[in-house]
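Read through the structure below, which is laid out as structure tokens, and then see the notes.
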Amino acid sequence: TLVMQSAIMEMRRMGIAKKPMILALKATCSQIAKEFSQAYPSARILAPTEKDFSAKNRKKLLAKIASNDYDCVIISHEQYTQLPHTQEVETQTINEQLEQLDAAIMLMRGTEDKSQLTKRQLKGLEKRKANLEAKMQKMLDRKVDREFCFENLGVDYLFVDECQQFKGL
């Protein structure tokens with residue numbers, strides 16, 4: 001934690017980062033904010049609570065993050081997953097995954113080994129591709145308030161505590 005905090009403050013001091021963010025487990029957010037304040041008493045830190053991130057208060061909080069110059073914003077993993085991204089970013093990410101799946105499917109079809117395992121793997125890849133296409137359509141059809149999406153908050157560096165929570169992304 002101290003290494004992340006020191007890196008953030010050095011990046012801010014050197015002008016490398018303008019608004020870094022720490023993603024942490026819900027149980028440790030307040031502890032990280034407290035330790036950050038102890039290590040750097042003059043640092044401007046924002047660590048919103050669950051109440052701040054409620055549907056009623058979320059727009060006000062996101063406007064506060066976007067418009068103020070914080071040394072660090074600390075939010076939980078759950079709060080991060082509630083933040084929408086721009087449609088372009090989400091579409092690009094899914095398209096990259098679809099391209100990787102297409103390449104894998106073409107590779108599987110081109111292999112000379114036509115074993116049962118290869119057929120099963122090919123079916124799994126095709127099913128995953130269909131699921132991604134459905135996910136893309138669902139994403140395009142949903143109505144999300146993208147006024148305050150993650151990209152508009154001004155966050156330029158993301159530090160993830162307990163990053164194994166995101167290994168399946």
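Looking at region 14-31, I want the residues that are over 14 Å from Asp69 (Cα atoms) and in a strand (DSSP E or B) and have a partner that is open to solvent by 10 Å² or more (accessible area, probe 1.4 Å) and among the hydroxyl-bearing types (Ser, Thr, Tyr) with Cβ atoms under 9 Å, at least 6 apart or on another chain. Which pairs are those?
Ile22/Thr1; Leu23/Tyr80; Ala24/Thr1
Quick grid of which residues meet (1) modelled with pLDDT under 85; (2) out of contact with any strand residue (DSSP E or B) (no Cβ under 6 Å at 6 or more places or on another chain); (3) more than 27 Å from Ala66 (Cβ to Cβ):
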residue	(1), (2), (3)
Glu78	no, yes, no
His85	yes, yes, no
Ala104	yes, yes, yes
Met108	yes, yes, yes
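With the checklist (1) within 20 Å of the chain's Cα centre (by Cα); (2) part of a helix (DSSP H, G or I) in hand, flag the one item Ala103 doesn't pass.
It is condition (1) that Ala103 fails.
Quick check on my filter: what residues within region 34-81 are surrounded by 14 or more Cβ atoms within 10 Å (Cβ to Cβ), in a loop (DSSP other than H, G, I, E, B), touching a Phe, Trp or Tyr at 6+ places or on another chain (Cβ under 9 Å) and free of Cβ contacts under 8 Å to residues at least 60 places away in the same chain?
Ala43, Ala47, listed by residue number.
For a quick check of your reading of the model, give me the residue pairs whose first member lies in region 139-166 and is over 10 Å from Thr86 (Cα atoms) and modelled with pLDDT under 75, whose second is open to solvent by less than 70 Å² (accessible area, probe 1.4 Å) and not in a loop (DSSP other than H, G, I, E, B), with beta-carbon atoms closer than 7 Å and at least 6 apart or on different chains.
From residues that are over 10 Å from Thr86 (Cα atoms) and modelled with pLDDT under 75, the pairs are Gln165/His77; Phe166/Val160.
Just one of (1) out of contact with any helix residue (DSSP H, G or I) (no Cβ under 6 Å at 6 or more places or on another chain); (2) under 21 Å from Asp161 (Cα atoms) trips up Lys51, so point out which.
(2)
Is there a residue in region 97-117 that is open to solvent by 90 Å² or more (accessible area, probe 1.4 Å) and of a type in the set (S, T, N, Q)?
yes
Looking at (1) over 30 Å from Arg120 (Cβ atoms); (2) open to solvent by less than 60 Å² (accessible area, probe 1.4 Å); (3) hydrophobic (A, V, I, L, M, F, W, C), which is the only condition Ile16 fails?
(2)
The values are calculated or read from the model by the stated rules, or taken from the named source; none is laboratory data. Remember, it's a predicted structure, so these values are computed and weren't measured experimentally. So basically every Cβ, Gly included, is an ideal-geometry build from the backbone, and we count neighbours across all protein chains shown. Surface accessibility is based on the protein's heavy atoms, side chains included, excluding ligands, DNA and RNA. Shrake-Rupley method; radii C 1.70, N 1.55, O 1.52, S 1.80 Å.
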